[in-house]
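Notes follow the structure.
The values are calculated or read from the model by the stated rules, or taken from the named source; none is laboratory data. Because the structure is predicted, anything quoted here is derived from the model rather than measured. Don't worry about glycine lacking a Cβ; one is built from the backbone with ideal geometry, like all the others, and counts go over all protein chains shown.
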Amino acid sequence: MHVDSGDTAWVLVSAALVLFMTPGLALFYGGMIRSKNVLAMFIANFATIAIVSILWAVVAYSLAFGPDAGGHGLIGTFRFAGLGHAHQEVPGYSLTVPPLAFAAFQMMFAVITAALLTGTVAERTKFGAFLVFAALWTIVVYAPIAHWIFSPTGWLAHKGVLDYAGGNVVEIDSGASALAIAMVVGRRRGWPREVIAPHSLPITVVGAGILWFGWFGFNAGSALTAGEGASQALIGTQLAACAGLLGWCAVEKWRTGHATTLGAASGAVAGLVAITPCAGFVNSMAAIVIGLAGGVIAVYAVSMKFKGGYDDALDVVGVHGAAGFVGTLLLGVFASRNVIPGIRYDGLVDGGGLHLLGVQALAVVVTIGWAFSMTWLVATAVQRTIGLRADDAHEIEGLDTALHAEAAYDFGNVRAARMGGPGG
Amino acid sequence: MKLVTAIIKPFKLDDVKSALETYGIHGLTVSEVQGFGRQKGHTEVYRGAEYQVDFVPKIRIEVVVDDGDADGVLGVIVKAASTGQIGDGKVWVTPVDEIVRVRTGERGADAL
């Protein structure tokens with residue numbers, strides 16, 4: 001195995017960039033909820049970083065990227081458990097970076113995919129129970145899907161499914177899982193009758209900016225080399241985010257008469273989601289079309305929850321699920337061996353026929369089916385045993401003070417507080 | 001003594017304060033409040049979902065004055081706060097039984 005120092009430096013930096021996306025996500029989500037639940041959102045995201053990272057090192061990395069168990073492409077063995085045998089080649093890859101750099105980079109993907117689900121269950125979920133759910137979910141849902149698609153030894157990868165940085169593994173996966181857990185946890189009290197409006201959109205926009213910044217590590221880092229592939233992925237990522245932003249704002253200006261700040265932030269994220277499966281596989285002009293499609297579809301998709309009656313609080317289904325779906329299918333249209341000679345099939349536009357589109361559609365169906373059904377099972381198991389849903393009284397009071405004994409904001413100076421003894 | 005309470009548009013606060021100072025008022029209390037009258041609220045849109053927000057931000061001014069000044073102060077506030085548009089607010093006068101300056105213990109008109 002030849003280790004290239006430039007490639008290694010880029011992948012290590014990308015791991016840090018992708019890690020930073022999860023605090024960014026906490027800001028993005030935190031601004032969109034009511035001020036009484038902001039800290040609950042932040043701690044859920046930070047603690048998800050902690051629990052999924054450790055679980056990844058202990059076992060989940062091995063299940064996703066370890067040597068295949070039985071050669072069916074269904075799941076990895078425990079050979080890399082505890083990050084053991086870390087000097088060995090990652091099966092199916094010919095990396096120019098140390099396997100540990102790859103494991104660290106992929107760790108951050110597992111973290112943010114689980115963290116995305118904090119958005120759908122916002123404002124009504126118990127902290128500890130969510131962490132138990134996130135741990136089980138990483139093993140039962142994330143690791144297998146990552147093995148099928150990201151690992152070249154996986155059964156969907158064998159069929160020629162392409163996913164540059166996680167359109168299936170991260171975006172459709174989290175979207176379908178979000179729908180399932182939203183149904184298990186149930187609606188927030190008063191939704192959709194009462195006004196449950198964002199408390200601080202500036203926080204949300206800062207969070208979207210951090211996500212955008214981190215996404216360069218997410219997509220361009222997925223080249224796993226610091227060369228032409230990463231450069232194409234990075235420029236495609238930027239163009240798609242811009243097109244998504246403009247697409248969302250244009251549609252809402254036409255529909256409601258206003259281009260909104262939340263729409264601009266959401267559109268950029270939708271564009272980023274849509275380009276994620278495609279980043280290094282399509283040319284720059286195709287990236288604009290894909291980002292635009294992501295932004296435009298997501299504006300409509302976020303309204304589905306009102307018709308469907310499920311409280312996907314911060315639109316994980318509508319943004320990540322829908323834009324991930326669009327991007328994954330459009331890859332079957334725009335994938336090009338002129339951009340990256342290593343892939344097996346061209347998309348429709350370059351004369352590759354329907355084959356790639358067909359396997360991409362298969363991957364979408366499989367991912368949705370597995371993620372939805374297994375998430376529903378795991379969430380139901382947690383709900384029936386330790387309870388995932390917060391008490392009504394805690395939900396009404398606000399999770400920050402009720403569950404965490406803290407308040408996010410203290411702007412006034414009228415506060416009758418005094419020092420209590422230890423423990424009260 | 002009388003308590004003059006005024007609900008006005010926030011951007012009119014400076015005008016009202018200047019007018020009251022010119023009239024000779026030495027102190028007042030201001031708070032940020034929300035409410036609705038004939039102006040009603042406004043609509044906000046988040047990811048396509050429209051919310052009707054019923055309360056409008058206003059400023060409440062409270063001034064305690066001697067009986068003889070109540071009408072004059074009321075007139076000064078109404079003149080300074082007026083834009084002629086809907087939502088200009090209201091001013092009302094209520095009797096005050098007693099008033100004490102905390103520092104000195106002075107009572108009644110001496111405490112104003």
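Table for the structure above
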| read-out | value |
| --- | --- |
| Test result for A:Asp350, among the charged types (D, E, K, R), without any contact (Cβ under 8 Å) to a residue 40 or more places away in the chain and not in a helix (DSSP H, G or I) | yes |
| The range B:1-28, residues that are within 12 Å of the chain's Cα centre (by Cα) and closer than 18 Å to B:Ala109 by Cβ | B:Leu3, B:Val4, B:Leu20, B:Leu28 |
| Single match in A:Gly209, A:Gly229, A:Gly236 (criterion: closer than 17 Å to A:Ala286 by Cβ, surrounded by fewer than 21 Cβ atoms within 10 Å (Cβ to Cβ) and more than 14 Å from chain B (Cβ to nearest Cβ)) | A:Gly229 |
| Options A:Ala103, A:Ala40, A:Ala57: the member that is buried (at least 24 other Cβ atoms within 10 Å of the Cβ), hydrophobic (A, V, I, L, M, F, W, C) and either touching a Lys or Arg at 6+ places or on another chain (Cβ under 9 Å) or touching a residue at least 24 places away in the same chain (Cβ under 8 Å) (or both) | A:Ala40 |
| Scope the range A:76-126; condition of a type in the set (Phe, Trp, Tyr), within 21 Å of A:Thr276 (Cα to Cα) and part of a loop (DSSP other than H, G, I, E, B); matching residues | A:Tyr93 |
| Residue that is modelled with the highest pLDDT [pool: residues in the range A:382-424 that are basic (Lys, Arg) and loosely packed, with under 15 Cβ neighbours inside 10 Å] | A:Arg384 |
| Failed item in (1) in a loop (DSSP other than H, G, I, E, B); (2) on the phi < 0 side of the Ramachandran plot, with A:Ala64 passing the rest | (1) |
| In the range B:38-54, the residues that are within 11 Å of another protein chain (Cβ to nearest Cβ) and not aliphatic (A, V, I, L, M) | B:Gly41, B:Thr43, B:Glu44, B:Tyr46, B:Arg47, B:Gly48, B:Glu50, B:Tyr51, B:Gln52, B:Asp54 |
| Scope the range A:240-281; condition in contact with a Cys (Cβ under 6 Å, 6 or more places away or on another chain) and away from chain B (no Cβ under 11 Å); matching residues | A:Ala264 |
| Complete set of residues in the range A:175-201 that are closer than 26 Å to B:Glu50 by Cβ and away from chain B (no Cβ under 14 Å) | A:Gly175, A:Ala178, A:Leu179, A:Ala182, A:Met183, A:Val185, A:Gly186, A:Arg187, A:Arg189 |
| Meets criteria (under 26 Å from the mean Cα position of the chain (by Cα) and surrounded by 16 or more Cβ atoms within 10 Å (Cβ to Cβ)) for A:Leu95 | yes |
| Residue in the range B:38-46 that is more than 16 Å from the chain's Cα centre (by Cα), among the aliphatic types (A, V, I, L, M) and under 30 Å from A:Leu314 (Cβ atoms) present | yes |
| Every residue from the range A:382-402 that is in contact with a strand residue (DSSP E or B) (Cβ under 8 Å, 6 or more places away or on another chain) and outside any helix (DSSP H, G or I) | A:Leu388, A:Arg389, A:Ala390 |
| Complete set of residues in the range A:293-309 that are crowded, with 22+ Cβ neighbours inside 10 Å and either farther than 27 Å from A:Leu357 by Cβ or in contact (Cβ under 8 Å) with a residue 60 or more places away in the chain (or both) | A:Lys305 |
| Filter result for B:Ser18 (within 14 Å of chain A (Cβ to nearest Cβ) and more than 30 Å from A:Trp191 (Cα to Cα)) | no |
